[in-house]
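K.L.:
Pasting a structure below so you can have a look.
The values are calculated or read from the model by the stated rules, or taken from the named source; none is laboratory data. Just so we're clear, the structure is a prediction, and the values are computed from it rather than from any experiment. We place every Cβ from the backbone using ideal geometry, glycine too, and count neighbours over all the protein chains shown. Surface areas here come from the heavy atoms of the whole protein model, side chains and all, with no ligands, DNA or RNA. Shrake-Rupley method; radii C 1.70, N 1.55, O 1.52, S 1.80 Å.
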Amino acid sequence: MDEEEPQQCVFCHIASGKIPAKKVYEDDQVTAVLDINPATPGHLLVIPKEHVSVMPQMSEDLVAHIGMLSKQLSHALIRALKVEGTSIFVANGVAAGQRAPHFLLHIIPRSPNDGVALQLSPAKIDEKSMNDVVSKLVPAIGKQLGVEIKLAKPEQRPVPKAEPKAEKGKLDELTEFLAGGK
Ligand SMILES: [Zn+2]
């Protein structure tokens, strides 16, 4: 385990197995367990074994691994529990509602009218304020990624084509189901 693991961090202990939990998956980087206060049955917590509080502290490798797992565990939940979708979220920082001092990714099985309150209430914003956000954010994203960002002008964007019927057959059943096809 990480030497900097705080003695009092419950999620470090759950991830390492010192505190028992209903594990559903484990590898060298993460443990996935049932949330003991689930929003719906099957609500999973994906917990990094290394003590990290927030996403910026995570290695890109760990972020990529957790991203891949969020897809695969989500599909497994849909198949195993016969639910119709999942909500995947991270509270990144106290202002975002993060209560634990350890990074957690939630995967919540969803069904229509399941009463899970994750709906966002849209804020009103005008064109100037949106442009303001864009002008601050684009250079910051470039700096973060260490690249110069080139955004295609609207007329240079590829024109979206209606998906040919033949292509639809290539989607597997689950993908089609989630996309509202069948
Ligand atoms: Zn921890």
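Quick grid of which residues meet (1) of a type outside the set (Val, Ile, Thr); (2) modelled with pLDDT under 75; (3) open to solvent by less than 70 Å² (accessible area, probe 1.4 Å); (4) closer than 30 Å to His43 by Cα:
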site	(1), (2), (3), (4)
Lys124	yes, no, no, no
Ser129	yes, no, yes, no
Val133	no, no, no, no
Gln156	yes, yes, no, no
Leu171	yes, yes, yes, yes
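K.L.:
Output the residue which, of all residues in segment 46-60 that are among the charged types (D, E, K, R) and either touching a helix residue (DSSP H, G or I) at 6+ places or on another chain (Cβ under 6 Å) or free of Cβ contacts under 8 Å to residues at least 12 places away in the same chain (or both), is most open to solvent (accessible area, probe 1.4 Å).
P.N.:
Glu60
K.L.:
Across segment 34-61, which residue is nearest to the chain's Cα centre (by Cα) among those that are within 16 Å of the ligand (Cβ to nearest atom) and in a helix (DSSP H, G or I)?
P.N.:
Ranking the candidates gives Met55 first.
K.L.:
Suppose the filter is within 12 Å of the ligand (Cβ to nearest atom) and under 16 Å from the mean Cα position of the chain (by Cα); does Thr31 pass it?
P.N.:
yes
K.L.:
Please pick out the residue among Ile141, Ile149 that is in contact with a helix residue (DSSP H, G or I) (Cβ under 9 Å, 6 or more places away or on another chain) and free of Cβ contacts under 8 Å to residues at least 60 places away in the same chain.
P.N.:
One residue alone meets the criteria, Ile149.
K.L.:
In addition: Of the residues Ala80, Ala76, Ala21, Ala64, only one is within 16 Å of the ligand (Cβ to nearest atom), open to solvent by less than 80 Å² (accessible area, probe 1.4 Å) and either assigned to a helix (DSSP H, G or I) or modelled with pLDDT of 95 or more (or both); which?
P.N.:
Exactly one residue qualifies, and that residue is Ala21.
K.L.:
Moving to a separate point now. Considering only segment 79-101, how many residues are within 17 Å of Tyr25 (Cβ to Cβ) and in contact (Cβ under 8 Å) with a residue 40 or more places away in the chain?
P.N.:
2
K.L.:
What is the number of the single condition among (1) open to solvent by 20 Å² or more (accessible area, probe 1.4 Å); (2) out of contact with any helix residue (DSSP H, G or I) (no Cβ under 8 Å at 6 or more places or on another chain); (3) closer than 20 Å to Ser111 by Cα that Thr40 does not meet?
P.N.:
The one condition Thr40 does not meet is (1).
A quick yes/no check of all residues on (1) closer than 25 Å to Gly180 by Cβ; (2) not hydrophobic (A, V, I, L, M, F, W, C):
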{"site": "Glu26", "(1), (2)": "no, yes"}
{"site": "Thr40", "(1), (2)": "yes, yes"}
{"site": "His51", "(1), (2)": "no, yes"}
{"site": "Ile66", "(1), (2)": "no, no"}
{"site": "Leu73", "(1), (2)": "yes, no"}
{"site": "Ala76", "(1), (2)": "yes, no"}
{"site": "Ser87", "(1), (2)": "yes, yes"}
{"site": "Gly93", "(1), (2)": "no, yes"}
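K.L.:
For segment 83-116: of the residues being over 28 Å from Glu173 (Cα atoms) and open to solvent by 50 Å² or more (accessible area, probe 1.4 Å), which is farthest from the ligand (Cβ to nearest atom)?
P.N.:
Checked segment 83-116; the qualifying residue farthest from the ligand (Cβ to nearest atom) is Ala95.
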